[in-house]
Ligand SMILES: [Fe+2]
């Protein structure tokens, strides 16, 4: 069972994670069109991880006796000014997501919903990593991206990122 406010915020977060997924997929398409396949790969993997996040919250709501009510997903931007704009936008977006997770945590604490507080621990840790990754991508681009060889190396490096399903997905699909 959930307090209605916490349940609403969790449902909104499922949609927010889906929006994040679509934002990164849109960015990935932009990179593919520019033949920056490594960057495209990195954002494609990011898309999959965001869909994992949505499913983790979706299953948690159901496992904890809540109701899933999915709202609409806003359309992501489809045009970007350049590589740096995308990297800066993804960092700003992750900071926004962190603030959303914190707001759910605060609401859960306010009604002594400790199961949700505990559930959000993983997301709070994950956001540290997400912000760090986005920030590293931006600063490496600022350091090396202006040089064609530097950009080539960065693109190659980001092309090596692989996807493995986030372990939490299976945990919550199992009804734990
Ligand atoms: Fe996420």
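The values are calculated or read from the model by the stated rules, or taken from the named source; none is laboratory data. No experiment lies behind these values; they were computed from the predicted model shown. As a convention, Cβ positions derive from the backbone with ideal geometry for all residues, glycine included, and neighbour counts pool all protein chains shown.
A few notes on this one:
- Residues that are within 25 Å of residue 148 (Cα to Cα) and under 11 Å from the mean Cα position of the chain (by Cα), drawn from the stretch 29-51: 43, 45, 46
- Any hit, the stretch 146-162, residues being within 17 Å of the chain's Cα centre (by Cα), closer than 18 Å to residue 17 by Cα, at pLDDT 95 or above and surrounded by 13 or more Cβ atoms within 10 Å (Cβ to Cβ): no
- Yes/no for residue 85 being within 16 Å of the ligand (Cβ to nearest atom), surrounded by fewer than 19 Cβ atoms within 10 Å (Cβ to Cβ) and in a helix (DSSP H, G or I): no
- Residue in the stretch 80-94 that is nearest to the chain's Cα centre (by Cα), counting only those that are farther than 20 Å from residue 128 by Cβ and in contact (Cβ under 8 Å) with a residue 24 or more places away in the chain: 86
- Within the stretch 95-123, if we keep just the residues that are surrounded by 14 or more Cβ atoms within 10 Å (Cβ to Cβ) and free of Cβ contacts under 8 Å to residues at least 24 places away in the same chain, the residue that is farthest from the chain's Cα centre (by Cα) turns out to be 109.
- The residue list 37, 3, 74 contains one member that is in contact (Cβ under 8 Å) with a residue 40 or more places away in the chain and within 16 Å of the ligand (Cβ to nearest atom), which is 74.
- Qualifying residue in the stretch 137-155 (condition: under 29 Å from residue 172 (Cβ atoms) and more than 16 Å from the ligand (Cβ to nearest atom)): no
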